[in-house]
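Rule-based calculations on the coordinates, nothing more; no lab input. Here the structure is a predicted model, which means the values were calculated and not measured. A quick note on method: Cβ atoms are made from the backbone with ideal geometry, for glycine too, and the neighbour counts reach across all protein chains shown.
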Amino acid sequence: MPIFKNGVPASWRLDASPSIQSASGRQKRPLASGNLSLLITDDVSWESFPEQAQRFLDRFHGRILKRVDTPVERMWVVLVNWRPFWLTFEDFPLGLSLDSMNGFCNSVIRELHSVSVAETHKKQLQPIARENARSG
């Protein structure tokens, strides 16, 4: 499992899905309810879900309200920025996703997506800045 992908730790990456594309190439996806979902990483397995989900929550100061771990489903009910989400393992397509429970959560999805885009952009610019410092 790669630790970094596109300059951001794989378990913290906030990829998006194929519906609404951002300028950076990252995408968000609407759920059937019209609320937003964000693919955190596609580099996840059934076994790694708890660790990766916890790292995501630790990074964004989230809180677990309930864990649903059954033989057929892994889903946590969580709070991020005091708003409720489902943090889920999806086996097709493979991924760890943060799904809005209601329309009030969509702004948090957009904010987390923006953070990811900014981090990815910053990581891509760092080698250029180091090369300029060496040549100058």
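Summary of values
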{"read-out": "Sum of side-chain charges, H61 neighbourhood, beta-carbon under 13 Å (Lys, Arg +1; Asp, Glu -1)", "value": "+2"}
{"read-out": "Total formal charge among the other residues, if their Cβ is under 15 angstrom from that of C105, Lys/Arg +1 and Asp/Glu -1", "value": "+3"}
{"read-out": "For peptides 107-119, 46-58, sequence by mean Cβ density within 10 Å, most packed first", "value": "107-119, 46-58"}
